[in-house]
Amino acid sequence: MTNPGNSLFDLSRGVLDVASQKVARIEDITRRMKMLAMNALIEAARAGDRGRGFAVVANEVSEISTQVNGITRELRSEIVARVDHLTTTGSAMVREMHGRRLADLSLNMIEIIDRNLYERSCDVRWWATDSAVVDCAASPSEQARRHAAHRLGVILESYTVYLDLWIADRNGTVIANGRPDRYRNAVGANVSDEPWFRQALATRDGGGFTVGDVARNRTLDDRVVATYATAIRRGGEANGEPVGVLGIFFDWEPQAAAVVQGVRLEENERERSRCLLLDARHRVIASSDGRGILAETIPLKRGAGTMGHYIDAQGKLVGYALTPGYETYKGLGWYGVIVQKP
């Protein structure tokens, strides 16, 4: 695809080149005219009285060539100034257009994530009403735990975007998980100090849920996860008493990588572009180049709106968009961001 900015700049340079060539030719002609006028004056002086008329003509030609030369200099100066203004204005227009495009692509990234995470919020609230999950939390007998673990395992076979599903009692002890063979240390782990557990237990009804920060989970082989949780309520009723918490662990890295690496950039942009997802603290939680995840913070300069673009201190064009949320999922203050070298 042809870059309209490059075409505009090429046209400006072409106009300047052609004009400069023509002005140079005019200047050459006026120099020759001036030289001829000088020679004519010399010959007129030698001719004496008989050359006076010829001298008048030669002086007039010399004056005209001087005037043409002055006009030519002005023309050259005006052409350069106008082409420079055209280039500057065109550059600003192209940068604005390109910045808006990066902001739009950033919005598209965060919208894809929002819709994905909205589904996760639906999953956790639905599965918390499953009879096997409710019975396990309410009366955690060995049989109830095995049945719940089997049920969670069946769910995981269909929902491959999750690493594991945990049932924790009211004290924060994990009493069942969906992949006990893979994650042997999950059952018995205490999550009472985890924000997602405390917030889930405090939800007002079955429509509430909580989301933990994207983080590594040591029990799940130190994988990066997005944790969703909600209270398990007695009888599976929306207003039932909380008897435990269901935590589900979204396999974050491969899902997020597919989003940031799938941005529709032009081929000549990919090598110099970095597509990012940032959390509310502007911490990198996904990156198209795989760098800085959970370790790097981007000093994002936000304007008054929810999306925009700017040039950073290194001369890179930055486009960004704040999460708009999706349906009942209000978003977590995350951003889609694209940083592009000139």
Between Lys341 and Ala215, the FRET efficiency computed from the C-beta separation at R0 = 45 Å comes out, to the nearest 0.05, as 0.90
Row for the stretch 118-220, column shape: gyration tensor on C-alpha, a ≥ b ≥ c, rounded if a/c < 1.5 i.e. under 1.5, prolate if a/b over b/c, else oblate; value rounded
Cross-link reach from Lys301 to lysines, straight Cα distance under 25 Å and at least 8 residues apart if same chain, gives Lys316, Lys330, Lys341
SASA check, His150, accessible area w/ 1.4 Å probe, all protein chains in place, rounded to nearest 10 Å², comes out at 120
Surrounding charge for Cys136, neighbours by C-beta under 14 angstrom, Lys/Arg +1, Asp/Glu -1, total +2
Sorted by chain and number, the residues with a modelled amide H under 5 Å from that of Val243, at a separation of 5 or more or across chains, are Ile232, Arg233, Arg234
To the nearest 10 degrees, the tilt of helix 142-158 (Cα long axis) against the first principal axis of the alpha carbons of the chain is 30
For the stretch 228-288, the percent of accessible surface on carbon and sulfur atoms (probe 1.4 angstrom, ligands and nucleic acids excluded) is 42
Helix 52-127: inclination vs the chain longest Cα principal axis, degrees, rounded to 10, gives 10
Quick tally, 1.4 Å probe accessible area for Glu253, Glu63, Glu237, sorted with the most first, runs Glu237, Glu63, Glu253
Largest-first ranking of Thr328, Thr230 by accessible area, probe 1.4 Å, whole protein assembly kept, is Thr328, Thr230
For Ile112 the rounded accessible area (nearest 10 Å², probe 1.4 Å, non-protein molecules ignored) is 80
Taking alpha-carbon centroids only, the stretch 114-184 lies from the stretch 187-247 a number of Å equal to 10
Measuring from the longest principal axis of the C-alpha atoms of the chain, the long axis of helix 4-47 (C-alpha) lies at a number of degrees, nearest 10, equal to 10
Computed over the chain, protein heavy atoms only, probe 1.4 angstrom, the accessible area per residue in square angstrom equals 55
Taking N as the number of residues in the chain, the ratio of its alpha carbon radius of gyration to 2.2 N^0.38 Å works out to 1.81
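The values are calculated or read from the model by the stated rules, or taken from the named source; none is laboratory data. All values derive from a computational prediction rather than experimental measurement. Positions of Cβ are backbone-derived with ideal geometry, glycine not excepted, and every protein chain shown enters the neighbour counts. All accessible areas refer to the heavy atoms of the entire protein, side chains included, with ligands and DNA or RNA removed. Shrake-Rupley method; radii C 1.70, N 1.55, O 1.52, S 1.80 Å.
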